[in-house]
Amino acid sequence: MSQISPQTSTSSPINLLQQPVSWLYAFWKFSRPHTVIGTSLSVFALYLITLAATNSSIALASLEQLLGTWVACLCGNIYIVGLNQLEDVEIDQINKPHLPIAAGEFSRRQAQLIIGITGILALVLAGLLGIWLFLMVGISLAIGTAYSLPPLRLKRFPFFAAVCIFSVRGAIVNLGLFLHFSWVLQGQEVMTPTASVWILTVFVLVFTLAIAIFKDIPDLEGDKQYNISTFTIQLGKETVFNLARWVITICYLGMIIAGILLPKAVNPLFLGSTQLVTLGLMWWRSQSVDLQEKNAIANFYQFIWKLFFLEYLIFPAACFLALY
């Protein structure tokens, strides 16, 4: 059963017509900006990787598809993160009191309306743009719903919560976008995922596992109070922190090895050097994290997301450099 009180704050919800700037800022927070950036980069990166794999040139039709795909994925992203907030109001009042529903900036009704509109838009746009995009968006929304919404509410279980997160961000999004863009660029003929796509997919799959297990460290207090079982509660902050660091390390070392073994798919020198730099940066930054300070943990979590974003810039460049 969802733990939501009918009234989450004594303050009045923001009215879009009367306070448009404040409403838009609240909507930006509601969309969880780090996930929006991650989703946007994944769409554009997979488009570029597919261009390189198919030796296609940029055309107006493919750019229209790119824009439509981006909007559909953003709508799906907002639906998933919004539903999670709607079902976690009381927990967020402890863990993330700045979020719009927990802070009373959005009413429950407003949040339901935003979630409903973005969910429908995601499916309609994806359906209009192509079967592979529709399947990707539909499966992602289904998993996102099962993650947050009773009776399943898979986020209660650490293993299934992690599987939901890394399966969507890792496998479904990357493979789905490649299949969609190859279908678009090759005149509705699907191309089998190339070595470069599989390399990125495995990297993101494992990296997102680190994000999935790390994200609950700063939320320990609220999760414990509302009986949300997480790896942090079961194993402790320090164990999960170190586990996340070593998972990320494996990701970067795996990328370096993949570049050496598959030089035709990616440029090994560029990929290897950038991975070593980012890996070193991660370990250097992690040394200063005080696990007793919630803000320090949260800041490092956002830093991990920035490393995630960076890979979606580095990897397409490595793919294009392999062509020359």
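The values are calculated or read from the model by the stated rules, or taken from the named source; none is laboratory data. If you're wondering where the values come from, they're calculated on a predicted model, not measured in any experiment. Glycine gets a Cβ as well: all are built from the backbone with ideal geometry, and neighbour counts include every protein chain shown.
Which condition breaks for residue 232 when tested against (1) at pLDDT 95 or above; (2) crowded, with 17+ Cβ neighbours inside 10 Å; (3) over 17 Å from residue 305 (Cβ atoms); (4) not aliphatic (A, V, I, L, M)?
(1)
The rows are residues; the columns are (1) part of a loop (DSSP other than H, G, I, E, B); (2) at pLDDT 95 or above; (3) touching a strand residue (DSSP E or B) at 6+ places or on another chain (Cβ under 9 Å); (4) small (Gly, Ala, Ser).
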residue: 91; (1), (2), (3), (4): no, no, no, no
residue: 114; (1), (2), (3), (4): no, yes, no, no
residue: 128; (1), (2), (3), (4): no, yes, no, no
residue: 144; (1), (2), (3), (4): no, yes, no, yes
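Within the stretch 46-61, identify whether any single residue is within 22 Å of the chain's Cα centre (by Cα), in contact (Cβ under 8 Å) with a residue 12 or more places away in the chain and surrounded by fewer than 21 Cβ atoms within 10 Å (Cβ to Cβ), and answer yes or no.
Yes - at least one qualifying residue is present in the stretch 46-61.
Would the stretch 149-163 turn up any residue that is of a type in the set (D, E, K, R), outside any helix (DSSP H, G or I) and more than 17 Å from the chain's Cα centre (by Cα)?
Yes, some residue in the stretch 149-163 is of a type in the set (D, E, K, R), outside any helix (DSSP H, G or I) and more than 17 Å from the chain's Cα centre (by Cα).
Is it the case, given these coordinates, that residue 141 is in contact with a Gly (Cβ under 6 Å, 6 or more places away or on another chain) and either within 27 Å of residue 27 (Cα to Cα) or buried (at least 20 other Cβ atoms within 10 Å of the Cβ) (or both)?
For residue 141, the condition - in contact with a Gly (Cβ under 6 Å, 6 or more places away or on another chain) and either within 27 Å of residue 27 (Cα to Cα) or buried (at least 20 other Cβ atoms within 10 Å of the Cβ) (or both) - is met.
Given the condition assigned to a helix (DSSP H, G or I), under 25 Å from residue 155 (Cβ atoms) and at pLDDT 90 or above, answer yes or no: does some residue in the stretch 251-268 qualify?
Within the stretch 251-268, one or more residues are assigned to a helix (DSSP H, G or I), under 25 Å from residue 155 (Cβ atoms) and at pLDDT 90 or above.
Among the residues of the stretch 282-292, are any out of contact with any strand residue (DSSP E or B) (no Cβ under 7 Å at 6 or more places or on another chain), small (Gly, Ala, Ser) and crowded, with 16+ Cβ neighbours inside 10 Å?
Within the stretch 282-292, one or more residues are out of contact with any strand residue (DSSP E or B) (no Cβ under 7 Å at 6 or more places or on another chain), small (Gly, Ala, Ser) and crowded, with 16+ Cβ neighbours inside 10 Å.
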